[in-house]
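Here is the structure we will look at.
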Amino acid sequence: MLDVGRRDRIAIVSLNRPERRNAMDRDLVAALVQALRRLDADPGVAAIVLRGEAPGFCAGSDLKFIGRLALEEICRFEAETGDMARLLGFLGKPVIASVEGFALGGGFILAISCDLVVSSHSARWHLPEVPIGWLTPWGLQALVARVGAVAARKLCFASEALDGRDAGRLGLVDHLTEPGGADDAAIALAGRLAALPVAAVSATKRFFMPDVLNRSEVFDAQANEAFAGNCRHPAARATLERFGRR
Amino acid sequence: MLSRRQQGAVAILTIDRPNRRNALGTELMQALGAAFDVLEHDDGVAAIVVSASAPGFCAGSDLKELAAMDIAQMCRHEAETARIVRAIGFLEKPVVAAVSGFALGGGVGFAVGCDLVVTHAECRWHMPEVPNGWLPPWALASLSARVGPVAARRLVWASEPITGTEAHQLKLADYLVPHGDVESEAIALGERLAALPRVAVASTKRFFAPLINGGAEASDMLANRIFAENCQDATAKATLRKFGMRV
């Protein structure tokens, strides 16, 4: 479900639920939190790479999982997922997302919640939440920090899917690679960060924290509430019922 | 050290310390602060261009001068440099930076402290502070105002130097022109601004100042404190000793 490997002072965390397109359920989120906390406390780790096993980075919340939950349970799960994504920003060490294949919904937000984002230029980036009936319930501050409020709102309306190149132009992605090259580029970038003085790298992350994450907790609480409201509407209920039955 | 000339209503300040790669020493900073003050109150001046003699725009702090300081003196020196650069954002007149060759460390901070930035494709933009062992002690608010906090943090981590082309893509620079034309294009931009109604240009600068420079003082104070902390770290001390400081 979640694999943690090491290469010198770089930890490589891999989402490994290929049969669910690396979508997140409660166990995966809990495993991520545990792994991130452990790696942050490990003095032998200087940088963390977050990636997904093929076919892609992450397809977001596992709709099959949440489709079976009561609404209050869904909202609680999404809040926990949001807590996990904010944790990425509050770690003392830099976290680099390596995106191949796709980053969809919560997977899109999970990637940009990392400090640096590497993506193949052909990877598919899309937030499909509004078309299926609800506002993205967490991580919108990370989106605003990267692209500004106006572009963030446009992305949430989800009028179009992006490829890695579009995502790069918008500032969602920091480094573009050929398809199949994201992991190598992310690990090389992590290696360069790991070679820098630890105190200064950490001070830089801490210094920018108020601007990058400033209202993230309040945003997440508000988005969760809007999400709950949206889920009572017919469009969202139809989506949840469709996936829950599968 | 710093020369001034005039073209129409545009005043051109040229940093001229090529033997120190146009580094921001105490004397140069005082001269810059005094020059901005004079130009702000000179009715014959409607726009200001800051340029530099070859080999490049500015190499940041003057390491030779730092060598004679202790850490506390260095922090005070950086705070004073920060104050003079921040004041650019609160002048009534627009200031254009003509960045050729290189902008390094405090040179990047100085460039983004100006209102508009002209550069060329091959220009080297780099912040070597984190590799040296410390957070840059000022200018991070101006950097964030230009590129947003996420890209600003990436640039400060400085795991790679960037070219003028990339600086322009990131909106660190506003105009990308051929190498030989950086100064003349900056002056032409100054002339276009100088031809506009002065009160409207000044009002525009004043209106956006809270958004662009509003938090700059607090940001610089915090960065200076973190810088001081980082300088106590072993890696940073090793770098400072390489500079010649006795720490």
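Just so it is clear, none of the values below were taken in a lab; they were calculated from the coordinates. Predicted model, so just to flag it, every value in this text is computed and none were measured. Neighbour counts are summed over all protein chains in view; Cβ atoms, including those assigned to glycine, are modelled from backbone coordinates with ideal geometry.
Note on B:K93: aspartates and glutamates with a C-alpha under 19 Å away, same-chain residues under 8 apart excluded, are B:D37, B:E40, B:D42, B:D43, B:D115, B:D174, B:E183, B:E185, B:E191. Once the gyration tensor of the Cα atoms in segment B:15-80 is diagonalised, the equivalent ellipsoid follows with semi-axes of 25, 16, 7 Å, ordered largest first.
How much mean residue ellipticity at 222 nm does chain B get from its helices, if each DSSP H run of length 4 or more adds -39500 (n - 2.57) and you divide by all residues, to the nearest 500 deg cm²/dmol? Let's see the in-between values first.
Working: 11 runs with 127 residues, N = 247.
Result for chain B: -16000 deg cm²/dmol, rounded to the nearest 500.
Take every DSSP beta bridge whose two residues both sit in chain A, then give the antiparallel share in percent to the nearest 5. DSSP beta bridges in chain A are roughly 25 percent antiparallel.
Against the main long axis of the alpha-carbon atoms of chain B, helix B:140-157 sits at an angle near 40°.
Each Lys and Arg Cβ is given +1 and each Asp and Glu Cβ -1; about its Cα centre, the protein assembly as shown then shows a dipole of about 580 debye. Axis angle, to the nearest 10 degrees, between helix B:198-213 and the longest C-alpha principal axis of chain B: 20 degrees. Hey, with R₀ at 22 Å, roughly what FRET efficiency would B:E92 and B:L211 work out to, going by the Cβ-Cβ distance, to 0.05? Rounded to the nearest 0.05, the efficiency is 0.80. Against the main long axis of the alpha-carbon atoms of chain B, helix B:26-40 sits at an angle near 20°.
Entry for segment A:1-154 at q = 0.17 Å⁻¹: log10 I(q)/I(0) = -0.96, Debye formula applied to identical alpha-carbon scatterers, no solvent contribution. Rg and Dmax of segment A:159-243, based on Cα coordinates, read 19.2, 54 Å.
Cα-Cα pairs above 22 Å in segment B:1-152: how many percent? Present the calculation step by step, with values, prior to reporting the outcome.
Values: 4135 of 11476 pairs.
Every Cα pair in segment B:1-152 considered, those over 22 Å come to 36 percent.
I want to verify the translational diffusion coefficient of segment B:124-176 in µm²/s; compute it with Stokes-Einstein, Rh as the Kirkwood radius over Cα pairs, at 25 °C and 0.890 mPa s. Before the final figure, lay out the partial values.
On the way: Rh = 11.2 Å.
This corresponds to a translational diffusion coefficient of 219 µm²/s.
At q = 0.09, 0.12, 0.14, 0.17 Å⁻¹, what log₁₀ I(q)/I(0) does a Debye calculation on the Cα points of segment B:72-231 give, no solvent, two decimals? With one equal scatterer per Cα and no solvent, log10 I(q)/I(0) is -0.29, -0.51, -0.70, -1.01. Using a cut-off of 19 Å between Cα atoms, the listed pairs A:K93/A:K205; A:K154/B:K205; A:K154/A:K205 include A:K154/B:K205; A:K154/A:K205 as exceeding that distance. A convex hull fitted around the alpha carbon atoms of segment A:1-45 yields 53 Å³ per residue. Equivalent ellipsoid of the protein assembly as shown: semi-axes from √(5λ) of the C-alpha gyration tensor, largest first, are 44, 26, 19 Å.
Couplings 3J(HN,Hα) of segment A:94-106, computed from phi: x, 10, 10, 8, 10, 10, 10, x, 7, 9, 10, x, x Hz, in residue order, whole Hz [Karplus 6.51 cos²θ - 1.76 cosθ + 1.60, θ = phi - 60°; x for Gly and Pro]. Please report the antiparallel percentage of DSSP beta bridges with both residues in the protein assembly as shown, rounded to the nearest 5. Around 30 percent antiparallel, to the nearest 5.
Which whole-number percent of Cα pairs in segment A:67-225 have a distance greater than 21 Å? Write down the numbers at each step before the final one.
Details: 5765 of 12561 pairs.
Considering segment A:67-225, 46 percent of its Cα-Cα pairs are separated by more than 21 Å.
At B:R192 and B:Q6, where each label point lies 7 Å from the Cα along Cα→Cβ, what is the point-to-point distance in nanometres? Label-label distance for B:R192 and B:Q6, simple model: 2.5 nm.
Amide H to amide H, with H built 1.01 Å from N, A:G52 comes under 5 Å of A:L15, A:E100, counting only residues 5 or more places away or on other chains. Proximity of backbone amide H atoms, modeled 1.01 Å from N, is registered between A:S122 and A:G164 at under 5 Å, excluding neighbours fewer than 5 places apart on the same chain.
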